[in-house]
């Protein structure tokens, strides 16, 4: 059958020399490379010479037409300039897929910066508001007067549940056919009863020990105060901001606490932000701003420790000393007391902590604190009580 008689049988046929046959007729094209950056193109309408590199190529045709192709890597944009025959055309192309990818990359980068700055702002806010929250108070009298969790003459609640499951378990069809499976199941339930009995015993002993400790604390036993602090660690809630607690029980009503601030570890010295154009900005924090945050942070830790102490122990007065790194008159860094304060329970009970910052709250107490706007906290003597 002749191809002209049946156009539907036309097919594209590709040859190694890039000659091709199409349904419109025979079209010949061949390229001869002259090195990496230049090649000669031979075709039906003439010949051309093209040269250039990736992103830019210039082609000179025998018909007098000159073509320049330029692409901008990573942007998805390109344009083609065609000159010759008294005409000039510029064709601009946009690769929308590349543009979308680039836009997503920019948005992802902006999102990451936004998250970093959001975390930074939350950190600054937390350093200025440590004193606002406090753990629930421990009612030692209620614990002293509490009833036993169950009558030890009978099984405890966990053992009763495990025993009930053991007694109500029946073999299923498979376990009737293979008794060994049912036997292993029963053995596991017996073990569960034993384990539950042990848990009941642990809970009862824990209640008994807590009841005895509560009794001694209510009676003002100083050793029991220290035992409760060692076992329950009430200051763990502020361990993220300060550490090295030195605690001394002066009397059943007075406690001394000295702690070390972690200023260099937790207080940033740079300001992070996004500019109006969406760029990430990191600038050195001014001395006055830095020292203001440090003062709020140290005062906040002090107040939080006082509140946690009053919530945990039935003391009337707490004496707190904050130790931090300061620069002495010789220009040397050393650890020194930067805040020493005596706080009474009734004074704390009358403060609305949501409506006052920690630094201003210190004015309500007997306190030694020296602060310079551009130098920060200075070493102070212990307050007398």
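Scanning segment 115-142 for residues that are in contact (Cβ under 8 Å) with a residue 40 or more places away in the chain and not in a helix (DSSP H, G or I) yields 129, 130, 131, 132, 133, 134, 135, 136, 137, 138. Among the residues making up segment 164-180, those that are surrounded by 13 or more Cβ atoms within 10 Å (Cβ to Cβ) and more than 49 Å from the chain's Cα centre (by Cα) are 171, 175.
Residue by residue, here is whether (1) touching a residue at least 40 places away in the same chain (Cβ under 8 Å); (2) exposed (fewer than 13 other Cβ atoms within 10 Å of the Cβ); (3) not in a strand (DSSP E or B) holds:
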residue: 162; (1), (2), (3): no, no, yes
residue: 187; (1), (2), (3): no, yes, yes
residue: 192; (1), (2), (3): no, no, yes
residue: 200; (1), (2), (3): yes, no, yes
residue: 214; (1), (2), (3): yes, no, yes
residue: 236; (1), (2), (3): no, yes, yes
residue: 246; (1), (2), (3): no, yes, no
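The requirement of being in contact (Cβ under 8 Å) with a residue 12 or more places away in the chain and touching a strand residue (DSSP E or B) at 6+ places or on another chain (Cβ under 6 Å) is fulfilled somewhere in segment 343-352, by at least one residue. If only residues of segment 308-322 that are in contact with a helix residue (DSSP H, G or I) (Cβ under 6 Å, 6 or more places away or on another chain) and not in a loop (DSSP other than H, G, I, E, B) are counted, the one that is nearest to residue 262 (Cα to Cα) is 322. Against the conditions (1) assigned by TED's automatic domain parsing to the domain that holds residue 121; (2) surrounded by 14 or more Cβ atoms within 10 Å (Cβ to Cβ), residue 278 satisfies every one except (2). Looking at 214, 239, just one residue is at pLDDT 95 or above and more than 17 Å from residue 317 (Cα to Cα), and that residue is 214. For the condition outside any helix (DSSP H, G or I) and crowded, with 17+ Cβ neighbours inside 10 Å, residue 255 qualifies.
The values are calculated or read from the model by the stated rules, or taken from the named source; none is laboratory data. Small disclaimer: the values here were computed from a predicted structure and weren't measured. Cβ: placed from backbone, ideal geometry, glycine included. Neighbour counts: every protein chain shown.
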